[in-house]
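Data first, discussion second: the structure below is written as structure tokens.
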Amino acid sequence: MSTFVLRDGFPLPLSPERAFPLFTARGEESWVPGWKPRFPTPTDDDTAPGTVFVTAHDTTWIVLDRLAGEHISYARVRPGHSAGTVSVALAPTTGGCTVEVTYAITALGDEGWADWTAIAGDYAGYLRSWQEAITDALSRPQP
């Protein structure tokens, strides 16, 4: 199988400190349809290194490192599909921040290879969908 290393970014009209929560286990619920992290062990801080959560397809995530307002990284394993790391780095810009997302993923089977080959083929478009979803979520009234 293949290892994919994908890195690109997009701007957001938020400071890094305001954008950071959007890339946490609970924060992604506000903009990723169907994202429902389950925590095997209760936690108040879903960004603490060592925190484990599970999402769709029995994908297990482990927080590896974080510096609030700057970066967060995860190990990610989807059994029989793919395994690797995901890192999100935030850098201040005039009027907001740049979000850089890096995946280093190894396909563990044919389905994983096909899925990651498709993502790699248009990674900029993949991240553009993140940017659009976040922008849409930010425009909605907050409860």
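Give the residues of segment 81-93 that are under 22 Å from Val54 (Cβ atoms) and either touching a residue at least 40 places away in the same chain (Cβ under 8 Å) or exposed (fewer than 14 other Cβ atoms within 10 Å of the Cβ) (or both), sorted by residue number.
Gly84, Val88
For the list (1) out of contact with any Phe, Trp or Tyr (no Cβ under 8 Å at 6 or more places or on another chain); (2) without any contact (Cβ under 8 Å) to a residue 12 or more places away in the chain; (3) under 16 Å from Ser87 (Cα atoms), I need the number of the one condition that Thr43 fails.
Status for Thr43: all satisfied but (3).
What pairs can you find where one residue is in segment 121-141 and over 20 Å from Ala89 (Cβ atoms), the other is surrounded by 11 or more Cβ atoms within 10 Å (Cβ to Cβ) and hydrophobic (A, V, I, L, M, F, W, C), and their Cβ atoms are less than 7 Å apart, with a gap of 6+ or different chains?
As it stands, the answer is Ala137/Trp31, since those pairs meet every condition given.
Take segment 30-62 and flag every residue that is surrounded by 10 or more Cβ atoms within 10 Å (Cβ to Cβ) and β-branched (Val, Ile, Thr).
Those that are surrounded by 10 or more Cβ atoms within 10 Å (Cβ to Cβ) and β-branched (Val, Ile, Thr): Val32, Thr43, Thr47, Thr51, Val52, Val54, Thr55, Thr59, Thr60, Ile62.
Can you name every residue in segment 101-118 that is surrounded by 16 or more Cβ atoms within 10 Å (Cβ to Cβ) and either in a helix (DSSP H, G or I) or out of contact with any Ser or Thr (no Cβ under 8 Å at 6 or more places or on another chain) (or both)?
Gly112, Trp113, Asp115, Trp116
Which number in (1) of a type in the set (Gly, Ala, Ser); (2) farther than 11 Å from Asp8 by Cβ; (3) touching a residue at least 12 places away in the same chain (Cβ under 8 Å); (4) loosely packed, with under 15 Cβ neighbours inside 10 Å marks the one condition that Gly96 misses?
In the conditions (1) of a type in the set (Gly, Ala, Ser); (2) farther than 11 Å from Asp8 by Cβ; (3) touching a residue at least 12 places away in the same chain (Cβ under 8 Å); (4) loosely packed, with under 15 Cβ neighbours inside 10 Å, Gly96 misses (4) alone.
Could you list all residues from segment 13-31 that are within 28 Å of Thr117 (Cβ to Cβ) and not charged (D, E, K, R)?
Across segment 13-31, the qualifying residues are Leu22, Phe23, Ala25, Trp31.
Just to verify a result, which residue in segment 1-37, among those that are in a loop (DSSP other than H, G, I, E, B) and among the charged types (D, E, K, R), is nearest to Leu67 (Cα to Cα)?
Arg26
Can you tell me which of Arg66, Arg140, Arg128, Arg78 is closer than 22 Å to Pro33 by Cβ and either surrounded by 16 or more Cβ atoms within 10 Å (Cβ to Cβ) or in contact with an Asp or Glu (Cβ under 7 Å, 6 or more places away or on another chain) (or both)?
Arg78
Taken together, the values in this text are just the output of simple stated rules run on the coordinates, not laboratory data. These numbers were taken from a predicted model, which means no experiment stands behind them. Counting neighbours? That spans all protein chains shown, and the Cβs are built from the backbone with ideal geometry, glycine included.
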